[in-house]
Amino acid sequence: ALLSKKLATICLTAPVDLELAKYQLQGVKAEAETLLHDLEFRNLYARFAALLGNPGRKIAFANVQDDNGKTGAQTENGNGNSVGATKNADGNLFNLAVNANATGAGENKNASGEGDLFSMFGNTEPAAPAEKIIATAAEAQAILEPLAAGQQEIWILATESGTLPDLHFGSVAVCAGAQAYTLEGEALPVFTSWLGTAACPKGTLDSKTLYRVALSQKVQPRNLADDVSIAAYLDNPGQTDYTLKKLIETYLIGELPATVTALSKVAAALKEQLGFKHLTALYRDLELPLVPVLAQMELAGVTVDAELLENKDKEFALKLANLEAQAKKEAGDENFNPQSPKQLGAILFEKLQLPVIKKTKTGYSTDVSVLEQLAGQHPLVDTILQYRILAKLYSTYLEGLKPLLNKTTGRVHTHFQQLVTVTGRLSSTDPNLQNIPTRTEIGRGIRELFVPGVGYDYLMSCDYSQIELRILAHIAQDPLLIESFRTGQDVHARTAAEVFGLPLEQVTPELRGRAKAVNFGIVYGISDFGLAKQIGSSRKEAAQFIESYFARYQGVKKYMEQSVELARTQGYVTTLLGRRRYLPDIRSSNFNRRNFAERTAMNTPIQGTAADIMKLAMLKVDAALKAAGVKSRVLLQVHDELILEVTAAEKEQVGALVQKAMMEAFKLDVPLLAAVTFGRNWAEAAE
C-alpha cells in the first residue's frame, strides 16, 4: 500500500527547467487543418477554433436538429434569441459558416479576407427534400404504381402498430430518387399490397418490420433487397445502436437528417465496407434471406397450456413460500427477505460467521458465485440457492408469461433478435425462450407449458449433436477428433481413454464425465481453476488433465495458439463463413481483459460457425417445408435446436426432411448429426 501511494504521488521537486511561453499554442498550420479535414475530425476541428480565440466560429448544417430539436432555421444565438437565419456569437448572419469577424450572410471570410476553411465542414449536400404527405388510396396508387415497374431501388422507413400476430403499419416513408413521400391513413393498405406486387428492389432500415406487417396482412413482400441495419451489424457486430441517426454518424461524412432520404447514402457506404471485408456473401446469402423466416416464426408463436400455467403458478408460489419459511428457520427463526442482499449478508457473515468471499461498495456480496463457494457449509446457503433459481423462473416464465399470452391465439409470440450477439447467434425476447434450464426438473416443468396448437398434434425437436466439437475437429484438423466423429465413437469416452491412458471399454461414467467437461471446456478456453470447479478436483489435478489433453490432441492445441496469434496480428477472428468478431483487448495491458480476449479468439470461430450453420439450416428447413407443401412449421430456434409444430399425418415425412436439411446444411470434414424427437409438449419433445 505504501509503495502504491508513493507511485501515485506526483513529485513536485523534480528539477524541471522550462519557459512556459515556449509551449503556448501559436496557431494551427494549414497542413494540420487539411489533415483534420481529411480525417473527418469535425469536433476536433471546431475545438481548435476556440483555442485560437475564435469561439464564435461555428458550423451550421442545413435542416439538422440541435439537441433541443431546433433546425438551422430556428437556432438561437448566444443571447438566446431565436433568429430567422443562424447567427454566430456576435449575432452576424451567415449561410454555412462565419468566423467571429464575418460581416455578411453571403460570404464566409476570415480575418485576412480569405475563404473560411471551416466552410469545408458545412453540409454541402442539398437540403433533404420535404416528404410529401400522401393520405388517400388514389394518391398512393398514383405514386406507387410507376415505381413498381422501375429498376431503381426504393427506400422505405416504416413502423408497425398493434401486437403480434395482428399488425399494421403505423407510419411509412418512401424515397424514390430525389422525391420522398410520407404515407398515412388510407394510403397504408395500398402500400401493404404494393409490397407484394412491386418487383422493383426495395431497401430499408428494418426489413423484419416490413415482413411481419405484410405477412400479418397475408401479403408476401417481393424483392426486399437491402437492410442497412443488418449490413451495419455484420460490419461491426460489437455496436449496440443501429438506429438511422447512429448509422449516419458512423458512415457518412457530415450530418444529414435522419430521414428516409439518407438510407441510400448509408447503404452505399456499407456496401463498400462489406465488400472490403468479404462479408457480402454472408449478407446476401444468409442474413437477409433469414429475415422472412424469423418473421414467420414470430407470427406463428407457440401455444401455452393456460390451465397448466395457472396450476404451475400456484405450485411454484407454494414452493417459494415453503423455501422462504425454511430459510428463516435455518437462519435461527430470523425474519428476513431472501431477496435482500443486505439482510442476507448480515445473516450469513455476521450472525452465522461464514467466511466472507467478496465485498461490494455497499457491503457483503451474496451473488451466485459467492453462494456456490459457500454451498455445503450451512443449510441456509443451499436453500437460498434453490430459492433464487425458482424465483427467477417464476417471475420470468410463470408471472412473466401471463401478460405476453395472446388472448385470441392462446400463444406467446417471442421476438428473435438478429442484431444483438457478437457471435451471430440469435437471441429471443418477450419472452426469452432460450434460457429455460434444460437439465433440471424445474426447467422441465416450465417446458411442459408449451404444447401444439389447434390443428397440430406434436411438437418436434431437431437438435444438433455436439456441433461445436465437430466444428473444432474440422477447424483444428485434429486426427483423433476427426477419427472419433467419422467412426461414430462416443467422443467423450474416447477423450477419457486418450487422456487417462485406458482402453475404451475401461472408461467409467465418472471418467467420461470429466472428459466431457474437458472437451466442452477446451472450446471455451477453460482454465485449470475453472475445470477444477466443474469436476470437483484440485487445481493441480485439473491442470494435469488439460496438459494430458493437449499432449494427445495436438491439433487442437495448435489451433488455439494460432487463433490467438492471428487475433493479435489482425485484431479480429472469423468464422468459417467469414463473420468477423473484433477483439480490441487482445493487446491490452490489463491481464483479465487480455485473457478474456484470448479465450474469445479461440471460441468465436467455433461458436460463431455453429451459429452460421444453424442459420443455414433454418433456411434449408424452411425451403424443404415449403417445397413439400406441408402444414407443419418451425416455431422456435433455441441454440442448436429447432422446435416445430407438426401434424400426426406429416410426422414421419417432416421428421425426415428436417433432419436431412439440418445434417446437409454445411459440409464439414466430419458428419453433422441431428436427432429428431416428438412429444405432446416441449419437455417430452426435447427428451
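The values are calculated or read from the model by the stated rules, or taken from the named source; none is laboratory data. Remember, it's a predicted structure, so these values are computed and weren't measured experimentally. So basically every Cβ, Gly included, is an ideal-geometry build from the backbone, and we count neighbours across all protein chains shown. Surface areas here come from the heavy atoms of the whole protein model, side chains and all, with no ligands, DNA or RNA. Shrake-Rupley method; radii C 1.70, N 1.55, O 1.52, S 1.80 Å.
Points worth noting:
- For His474, solvent-accessible area (1.4 Å; no DNA, RNA or ligand), Å²: 40 Å²
- 1.4 Å probe accessible area per residue over the chain, in Å²: 50 Å²
- Compared with the alpha-carbon gap, the fully stretched path from Ser161 to Ile133 is longer by 8.1 nm at 0.36 nm per residue.
- Largest-first principal axis extents, alpha carbons of segment 283-372, Å: 60, 39, 19
- Simple spin-label estimate for Glu441 and Ala628 in nanometres, 7 Å along Cα-Cβ: 3.7 nm
- Debye intensity ratio in log₁₀ form over the Cα atoms of segment 539-635, taken at each q of 0.13, 0.22 Å⁻¹: -0.63, -1.09
- Cross-link pairs Lys277/Lys615; Lys358/Lys533; Lys246/Lys271; Lys361/Lys540; Lys246/Lys392; Lys314/Lys351 - those with Cα-Cα distance over 23 Å: Lys361/Lys540; Lys246/Lys392; Lys314/Lys351
- Distance between the pseudo-spin-label points of Arg680 and Leu504 (7 Å out from Cα toward the beta carbon): 4.0 nm.
- Rel. contact order, % - alpha carbon contacts under 8 angstrom, at least six apart, the chain: 10 percent
- Helix axis angle, 306-330 relative to the chain longest principal axis, alpha carbon, degrees: 80 degrees
- Which of Ala158, Leu577, Phe550, positive extreme of dipole for the chain (C-beta unit charges): Phe550
- With respect to the chain, whose longest principal axis is taken over its alpha-carbon atoms, helix 467-476 is tilted by about 70°.
- Among the protein heavy atoms of the chain, carbon and sulfur supply 53% of the accessible surface, probe 1.4 Å, non-protein parts ignored.
- Label selected from (i) 50, 39, 28; (ii) 45, 34, 18; (iii) 36, 32, 26, the criterion being semi-axes √(5λ) of the Cα gyration tensor in Å as computed here: (i)
- Full extension of the segment from Ala281 to Thr396, taken as 0.36 nm per residue of separation minus the current Cα-Cα distance, would add 37.6 nm.
- Accessible-area ranking of Asp612, Asp669, Asp430, largest first, probe 1.4 Å: Asp430, Asp669, Asp612
- Taking trypsin sites (Lys or Arg not before Pro) across segment 583-687, the ones in a DSSP loop with at most 12 further Cβ atoms lying within 10 angstrom of their Cβ are Lys667.
- Backbone phi angles across segment 273-288, fed through the Karplus curve with coefficients 6.51, -1.76 and 1.60 (θ = phi - 60°), yield HN-Hα couplings of 5, 5, x, 4, 9, 6, 10, 4, 5, 4, 5, 6, 9, 10, 5, 5 Hz in residue order; Gly and Pro are listed as x.
- In the context of the full protein assembly, Phe596 retains an accessible surface of approximately 110 Å², using a probe radius of 1.4 Å and ignoring ligands and nucleic acids.
- Convex hull volume per residue for segment 409-541, taking Cα atoms only, in Å³: 184 Å³
- The Glu310 and Ser538 beta-carbon pair, evaluated with R₀ = 60 Å, returns a calculated FRET efficiency of approximately 0.80.
- Expected 222 nm ellipticity per residue - DSSP helices of 4 or more, -39500 (n - 2.57), all of the chain, to 500: -13500 deg cm²/dmol
- FRET E, pair Tyr572, Asn432, Förster distance 41 Å, beta-carbon r, rounded to 0.05: 0.90
- A simple rule links phi to the HN-Hα coupling: the Karplus curve 6.51 cos²θ - 1.76 cosθ + 1.60 with θ = phi - 60°, which for segment 333-340 gives 6, 8, 8, 9, 9, x, 7, 8 Hz, with x for Gly and Pro.
- Mean separation of Cα contacts under 8 Å (6+ apart) over length of segment 500-589, as relative contact order %: 14 percent
- Percentage relative contact order, segment 201-242, counting C-alpha pairs under 8 Å, at least six apart: 44 percent
- Relative to the dominant Cα principal axis of the chain, helix 207-216 is inclined by about 70°.
- Surface accessible to a 1.4 Å probe, Val646 within the full protein complex, Å²: 0 Å²
- Summed residue charge, Cβ within 11 Å of Arg633's Cβ, Lys/Arg positive, Asp/Glu negative: -1
- Sorting Glu298, Glu160 by accessible area puts them as Glu160, Glu298; the probe is 1.4 Å, largest comes first, and only protein heavy atoms count.
- In the frame of its principal axes, segment 549-606 has Cα extents of 32, 29, 16 Å, reported largest first.
- Extended-chain gain in nm, criterion 0.36 nm per residue less alpha-carbon gap, Gln353 and Asp367: 3.3 nm
- Cβ-defined net charge surrounding Ile134, 11 Å radius [Lys, Arg +1; Asp, Glu -1]: -3
- Dividing the convex hull volume of the alpha carbon atoms of segment 176-233 by its residue count gives 92 Å³ per residue.
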